[in-house]
Amino acid sequence: MTFDLIVRNASLPDGRRGHDIAIAGGRIVAVQAGVQGEARRVIDADGQLVSPPFVDCHFHMDATLSLGLPRLNMSGTLLEGIALWGELKPLLTHEAVAERALSYCDLAVSQGLLAVRTHVDICDDRLLAVEALLEVKKRVAPYLDLQLVAFPQDGYYRSPTAAKNLERALDLGVDIVGGIPHFERTMDDGALAVRALCEIAEKRSLMVDMHCDETDDPLSRHIETLAAETVRLGLQGRVAGSHLTSMHSMDNYYVSKLLPLIAEAGVHAIPNPLINIVLQGRHDTYPKRRGLTRVKEMREFGINVAFGQDCCMDPWYSLGGADMLDVAHMGLHVGQLTSREAMRFCFDAITVNPAKVMGLDGYGLEVGCNGDLVVLQARDPIEAVRLRPARLFVVRRGKVISETPPRIAKLSLEGRPQSVDPAAYAPNVSNNPAR
């Protein structure tokens with residue numbers, strides 16, 4: 001049999017080693033040792049980790065790469081970022097938004113990031129960013145899965161035209177209903193917004209992804225309403241609560257009630273470690289809150305937790321580089337997720353878990369899945385999070401779409417090796433099943 005691509009001698013995220021992956025017709029047709037047959041291209045993974053593509057289920061592509069326009073966020077705070085975005089919106093052009101988004105997608109592909117869910121602000125009556133990102137979605141479809149969330153950045157009720165604009169955006173083809181209840185004028189308005197937006201999603205058979213309680217206020221409890229509305233409307237599995245940072249500050253008794261409700265509702269949780277750690281706790285002196293939601297406790301209740309990147313070189317965050325392993329690395333540290341099993345989870349939080357959030361069909365490395373994968377310069381998922389290594393090959397539907405040389409340093413030291421491969425310094429703990 002002739003295949004489009006064979007990746008030989010791969011280490012898989014679940015611990016299997018020495019496997020070949022064969023792709024034909026854009027699909028994985030074999031995952032086993034010693035695949036027989038010819039291929040248009042053969043990659044020798046040489047024992048390196050082969051993973052399904054990275055997935056970012058929370059991003060703002062309408063603002064990405066706009067750092068410095070029209071000015072910098074001097075305080076680095078969330079509220080100045082929101083104000084700065086308000087200054088930038090009237091200056092946006094369709095062409096500029098589309099070009100920055102396309103440039104970001106180029107960067108994403110180079111990092112093995114082939115699926116993104118982005119929120120797009122619908123409070124601009126022109127719906128300029130909506131139309132630009134709908135165009136981008138079509139253009140990148142051959143190599144990147146892009147979902148759009150209708151996001152009332154200025155508040156569904158607080159912004160006078162948000163309700164009408166949200167419906168217009170959905171009519172144009174935006175995929176998902178978004179919201180930001182904690183930004184409404186009152187807690188009551190926030191709860192009403194959650195109910196109204198979930199009803200729109202139920203009526204249109206759409207998913208929901210809501211910025212929920214992105215605040216240090218422990219009394220911001222809109223996730224409770226979101227879980228209740230999910231059950232009332234039968235939306236289980238179709239709803240995500242993003243950020244959820246107020247839970248970091250809630251008392252333990254209330255959280256002991258809240259977590260089972262989220263689990264019962266099947267609501268996905270999307271913390272954003274890079275952004276949560278820099279934007280939360282800004283009113284604290286010391287002790288200073290970290291801001292990341294309760295990842296460990298959510299996992300204990302079986303809640304699907306996926307890490308998002310949120311921002312990249314925009315009014316809220318001046319750093320970033322489309323590298324989901326950076327996100328996992330930060331999540332591991334801030335969440336103190338340092339057991340072998342928890343570190344392994346951090347890799348799942350940027351691959352299989354966000355794929356569940358997005359409902360990606362054909363995602364994975366099993367026979368019948370899409371022929372999409374990444375070969376990394378690391379031997380296993382924990383080492384990938386530790387090293388944030390080179391993406392040696394990025395494959396989409398059986399075609400290599402990005403290649404990066406191995407990261408090897410040449411040394412000039414008497415009596416020492418001539419080169420250093422960071423991946424060669426992995427500890428020998430392969431007998432540990434959690435690895």
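The values are calculated or read from the model by the stated rules, or taken from the named source; none is laboratory data. Here the structure is a predicted model, which is why all the values come from computation and not from measurement. Glycine also receives a Cβ, built like all others from the backbone with ideal geometry; neighbour counts cover every protein chain displayed. SASA here: full protein model, heavy atoms, side chains in, ligands and nucleic acids out. Shrake-Rupley method; radii C 1.70, N 1.55, O 1.52, S 1.80 Å.
Taking every DSSP helix (H) stretch of at least 4 residues in the chain, weighting each as -39,500 (n - 2.57) and dividing the sum by the residue count yields a mean residue ellipticity at 222 nm of -10000 deg cm²/dmol.
Site pair MET187 and ILE408 shows an inter-label distance of 6.1 nm when each label is modelled 7 Å from Cα along Cα→Cβ. A 1.4 Å probe over all protein chains sorts THR64, THR215 by accessible area into THR215, THR64, starting with the largest.
When the chain is treated as a GNM with alpha-carbon contacts under 10 Å, the residue of LYS399, LYS288, LYS356 showing the greatest mean-square fluctuation is LYS288. To the nearest 10 degrees, how steep is helix 162-172 against the longest Cα principal axis of the chain, on a 0 to 90 scale? Between helix and principal axis, roughly 40 degrees. Measuring from a point 7 Å past the Cα of ALA424 along Cα-to-C-beta, which residues in the stretch 371-407 have an amide N at less than 13 Å? Residues passing the 13 Å test: 407.
Answer rounded, prolate or oblate for the stretch 137-189, using the Cα gyration tensor with square roots of eigenvalues a ≥ b ≥ c: rounded when a/c is under 1.5, else prolate when a/b is larger than b/c, else oblate. Show your work: numbers first, answer last.
Working: a/c = 4.00, a/b = 2.30, b/c = 1.74.
Judged from the Cα gyration tensor, the stretch 137-189 comes out prolate (a/c at least 1.5, a/b above b/c).
Taking all protein chains together and rolling a 1.4 Å probe, ILE200 ends up with roughly 20 Å² accessible. For the pair LEU102 and GLU135 in one chain, pulling the backbone fully straight at 0.36 nm per residue adds 10.9 nm over the alpha carbon distance.
A 1.4 Å probe, protein heavy atoms only, puts the accessible area of ASP326 near 60 Å².
Take every pair of alpha-carbon atoms less than 8 Å apart whose residues are at least six positions apart; their mean separation over the length of the stretch 371-433 yields a relative contact order of 26 percent. Solvent-accessible area per residue in the chain equals 40 Å², computed with a 1.4 angstrom probe and all protein chains kept. Dipole magnitude for the chain: about 940 debye, using +1 per Lys or Arg Cβ and -1 per Asp or Glu Cβ, origin at the Cα centre. If R0 is taken as 25 Å, the Cβ-Cβ distance between GLU167 and THR93 corresponds to a FRET efficiency of 0.55.
Place a +1 charge on the Cβ of each Lys and Arg in the stretch 1-150 and a -1 charge on the Cβ of each Asp and Glu, then give the dipole magnitude about the Cα centre in debye, rounded to the nearest 20.
380 debye
Farthest towards the positive end of the charge dipole of the stretch 138-277, among the residues HIS268, PRO142, LEU233, is the Cα of PRO142, using unit charges on the Cβ of Lys, Arg, Asp and Glu.
Given a 1.4 Å probe and the protein chains as shown, LEU413 ends up with an accessible area of around 100 Å².
Antiparallel DSSP bridges in the chain: what percent, to the nearest 5? If we restrict to bridges inside the chain, about 40 percent are antiparallel.
The portion of the accessible surface of the chain made up by carbon and sulfur, rounded to a whole percent, is 53 (1.4 Å probe; DNA, RNA and ligands excluded). Averaging the sequence gap over all C-alpha pairs within less than 8 Å and six or more residues apart, then dividing by the number of residues, gives the stretch 140-181 a relative contact order of 51 percent.
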